[in-house]
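Some notes on the structure that comes next.
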Amino acid sequence: MSDAIPAPSNILRGHKTQIQAAAFIRRNERLATADADGFIVLWDLAVMRPAAVWKAHDESILGVMGWGLDKIITHGRDHKLVVWKLSASDEEDLSSVLPVESVVETRRQPWILHLLEVNALNFCAFAACARRPDGTLFGHDASLELLLAVPNALASEAVSRLEKVLSVLKLTESRKVDVFSLPGQSRLHTVRPSSSTTGLVMSLRLLHLVGCLTLIAGFENGSVSVRRLEAEGAWITTYSSQPHSQPILSLDIHPNHESFFSSSADSMLVQHPVPTAQRFCSADAEASQGGDMEPWKDPLQTVNTKHFGQQSLNVRSDGKIFATAGWDSKVRVYSTKTLNELAVLQWHRVGAYAVAFADVFQADTQSYGQRESPLVNSSDEKN
């Protein structure tokens, strides 16, 4: 690793509070940044200027993601998950005045396509995938139906938000994960953890693997699990491990779906397998002997980085590197193959909370993007 600290190629300023989530959307033409006041800024990356600004939530935003070329999904601490209709032509009807600037009039919002009342007490953002295994959420061919994974709702939609916040005794329900479908907005599954000691669910990923819906979850006690939906409708645990001593802060899956990575409030980075089936309890047991089955338990790689509180772990779409945003205000880039630190990006003064890669151009696939993948990192200062 070079000792030289790379300088930012561009600096986008305009949020009044810390940026909590970021995502490149619309073939890398736009960057969506979401802050602790509930604002979304959609940046036009051709001119590095805001194309649209609106207040999406009454409280901090946990997650943001593009869906196709004309939809954006946001998840806020106000217990709402919203799907906004916002194509490039819709941007001209919205304000482009940044949150840091004073505005007398109420900013217009994009059209709301869907609104779900969800649980946000966990600080855990949603995860999503296309409903069909052969579907995608991005580009012209984006699926019209998707699945959403969120922490289990504390109460029914009829219960007021205040009652939800005060329902501390029901926090144990937040160990579970609900899977919803859109556009139907129906709850399809409630996935219960295999252990009662996991604590709250902290981070989620949802995907199809070998034809089965697969849920990857990280928990408050530092454990992670892989659950698969079998044909008969049962969720089985194919992997369960507790390599971290502190709550999971983030996780992301490798594009080949063979492994995923986790970060925590501790200083560990861990690479895990994504098994498609359980293993026999005994090493010498054979299927013909009808041995008992159990989840896989051993991580693939573990490294102590000596840096605590790395979050927003994001794997680049070519699978070669991933990046984290740190409590110490630094963004670190690592090799997915060795977990070696490749670069340290230092610009912010207080803390970095979000990091995102643009999609990398793949000449041998139908993927889109840029040959050089920009990386965005966000903080509560100099943002």
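Some points to look at:
- Pairing each residue of the stretch 139-157 that is surrounded by 12 or more Cβ atoms within 10 Å (Cβ to Cβ) with any residue that is at pLDDT 95 or above and among the basic types (Lys, Arg), provided the two are 6+ apart or on different chains, yields C-beta distances under 6 Å for Glu145/Arg131; Leu146/Arg131; Leu147/Arg131.
- Residue, modelled with the lowest pLDDT, within the stretch 363-383, restricted to residues that are polar (S, T, N, Q) and more than 24 Å from Trp43 (Cβ to Cβ): Gln366
- Per this entry, Asp359 is counted among residues that are buried (at least 17 other Cβ atoms within 10 Å of the Cβ), charged (D, E, K, R) and at pLDDT below 95.
- Within the stretch 221-233, residues that are among the small types (Gly, Ala, Ser) reach partners that are at pLDDT 95 or above and part of a loop (DSSP other than H, G, I, E, B) with beta carbons closer than 6 Å, at six or more positions or on different chains, in the pairs Gly222/Gln242; Gly222/His244; Gly222/Ser245; Gly222/Gln246; Ser223/Gln242.
- Among the conditions (1) of a type in the set (Gly, Ala, Ser); (2) closer than 19 Å to Ala354 by Cβ; (3) surrounded by fewer than 20 Cβ atoms within 10 Å (Cβ to Cβ), Gly218 misses just one, which is (3).
- As a summary of the residue check, Ser245 satisfies the conditions (1) part of a loop (DSSP other than H, G, I, E, B); (2) touching a strand residue (DSSP E or B) at 6+ places or on another chain (Cβ under 8 Å); (3) in contact (Cβ under 8 Å) with a residue 24 or more places away in the chain except for the one numbered (3).
- If you go through the stretch 243-258 and pick out every residue that is surrounded by fewer than 18 Cβ atoms within 10 Å (Cβ to Cβ) and over 16 Å from the mean Cα position of the chain (by Cα), you end up with 4.
- Of the residues screened, Val350 is not one that is modelled with pLDDT under 95 and in a strand (DSSP E or B).
- Of all residues in the stretch 18-34 being aliphatic (A, V, I, L, M) and out of contact with any Gly (no Cβ under 9 Å at 6 or more places or on another chain), the one that is surrounded by the fewest Cβ atoms within 10 Å (Cβ to Cβ): Leu31
- Ser317 vs. criteria touching a residue at least 40 places away in the same chain (Cβ under 8 Å) and either assigned to a strand (DSSP E or B) or among the aromatic types (Phe, Trp, Tyr) (or both): no
- One residue from Lys85, Lys55 being farther than 22 Å from Ser181 by Cβ, at pLDDT 95 or above and among the basic types (Lys, Arg): Lys55
- The test for being among the basic types (Lys, Arg), crowded, with 17+ Cβ neighbours inside 10 Å and within 16 Å of the chain's Cα centre (by Cα) holds for Arg77.
- Qualifying residue in the stretch 35-44 (condition: among the acidic types (Asp, Glu), farther than 23 Å from Leu182 by Cα, in contact (Cβ under 8 Å) with a residue 60 or more places away in the chain and surrounded by fewer than 20 Cβ atoms within 10 Å (Cβ to Cβ)): yes
The values are calculated or read from the model by the stated rules, or taken from the named source; none is laboratory data. Everything numeric here is computed off the predicted structure, so don't read it as measured data. When we count neighbours, we look across all protein chains shown, and the Cβ atoms used for this are built from the backbone with ideal geometry, even at glycine.
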